[in-house]
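To start, the structure under review is shown below, and the notes come after it.
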Amino acid sequence: MTDLADFAARLTALTDGRASAPRVKEGVMTLSLEVGGLSPQQRAGLAAAIREGGLTVPGVADVRIVETAERTERKAPRILAVASGKGGVGKSTLSANLAVALHRLGVKVGLVDADIYGPSQAKLMGSEDQKPVARDKKLVPVTGTLGIPMLSMAHLVEPGKALAWRGPMVGNALTQLIEAEWGDTDLLVVDMPPGTGDIQLTMVQKHKPAGAVIVSTPQDLALIDAARAVSLFAQAGVPRVGLVENMAGYACPHCGEISDPFGQGGAEQEAEALAMPFLGRVPLAIDIRRRSDAGDPPAAGDGPHADAFHAIAVQVADWLKAAG
């Protein structure tokens, strides 16, 4: 048997990106298939292969395929930038889990790893072994946790290979990831690299995010850099969705005592000083680290850590809805 996420990944390769993401409701799988340029025999063979594969997904009793002669123009997805002024604050982990939590809220979300030099989303989302295909000179995303479409330089280069690229090459790479074939995705969560350099400038000037979420630990040093990231987006006219405090407290697994190695409440105070919403806290927890390393984001499950990401996602989703 094949689960829905695995089938979605196989479907992309089988159809060369012609099929939309499959959806299952009351035992019926539905998807659209672009058949422009295919012969009747090719159409029939492709449809038969899709039905055969779809019926291996648990709970699927019927597969319905809507054939379209030409690809229709789709509205580009909105962009949510997740940024920090400093590395090491857990921004990538927050980005992955925010995407997963938004998906569970029903948002058609995709994930872009914009950290060209130090990509990590492929590992966090359990998609390290996947490679994107290209169609009409556009990349077709791979699928991560819960079938979420995603792209990272980790999917395009050899593992461990260093990229010695100058600014223009990095900007072009970012554009390829952002302007990929995202299908019916409504929102791209973009994991930004730390700092305020070339990638950040390309993002705010060319791709114009709908909003930015800033991540920081509670310590003063991280908050100084977070304020710089806030300033960059403010200067570019990008709305600030809010500030998240990561690594906010550590519960001893033996005695349960809470300690605060990075301080307490600093991000909330900084959000108030910057006149921006405070979205919530994520604790410093071994379980989050272990599951992240295993490509199993905590937000995909249940429990207090999943709840922390869910609470942040609810506020982000409400902000996006209000922003139109």
Selection from the range 98-151 of residues that are among the β-branched types (Val, Ile, Thr) and under 18 Å from residue 181 (Cα atoms): 107, 109, 112, 133, 140, 142, 143, 148
Complete set of residues in the range 1-10 that are assigned to a helix (DSSP H, G or I) and either charged (D, E, K, R) or at pLDDT 90 or above (or both): 6, 10
Spans of helices (runs of 4 or more DSSP H) in the range 11-124 with at least 2 residues crowded, with 23+ Cβ neighbours inside 10 Å and small (Gly, Ala, Ser): 91-104
Residues (in a helix (DSSP H, G or I) and either farther than 25 Å from residue 226 by Cβ or charged (D, E, K, R) (or both)) located in the range 275-324: 287, 289, 290, 291, 293, 300, 307, 318, 321
Residue within the range 189-200 that is in a loop (DSSP other than H, G, I, E, B), within 30 Å of residue 11 (Cα to Cα) and at pLDDT 85 or above present: yes
Counted residues, the range 282-324 - those being under 25 Å from residue 78 (Cα atoms), small (Gly, Ala, Ser) and loosely packed, with under 13 Cβ neighbours inside 10 Å: 3
Unique match (being at pLDDT 90 or above and more than 26 Å from the chain's Cα centre (by Cα)) among 37, 27: 27
Among the residues listed as 213, 238, the single one being buried (at least 21 other Cβ atoms within 10 Å of the Cβ) and touching a residue at least 12 places away in the same chain (Cβ under 8 Å): 213
Test set (1) in the same structural domain as residue 229 (by TED's automatic domain parsing); (2) within 19 Å of residue 179 (Cα to Cα) - residue 21 fails condition number: (1)
Unmet requirement for residue 265, which otherwise passes all of (1) over 25 Å from residue 209 (Cβ atoms); (2) modelled with pLDDT of 85 or more; (3) not β-branched (Val, Ile, Thr): (2)
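Looking at the range 194-226 only, could you name the residues that are more than 19 Å from the chain's Cα centre (by Cα) and either among the β-branched types (Val, Ile, Thr) or within 27 Å of residue 168 (Cβ to Cβ) (or both)?
Passing the criteria: 195, 196, 197, 198, 201, 205, 206, 217, 224, 225.
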Leading residue by the ranking (farthest from residue 239 (Cα to Cα)) among those in the range 272-288 that are touching a Ser or Thr at 6+ places or on another chain (Cβ under 9 Å) and modelled with pLDDT of 90 or more: 288
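The values are calculated or read from the model by the stated rules, or taken from the named source; none is laboratory data. Predicted, not measured: the structure shown is a model, and the values here were computed from it. Quick reminder, even Gly has a Cβ in these numbers, built from the backbone with ideal geometry, and neighbours come from all protein chains shown.
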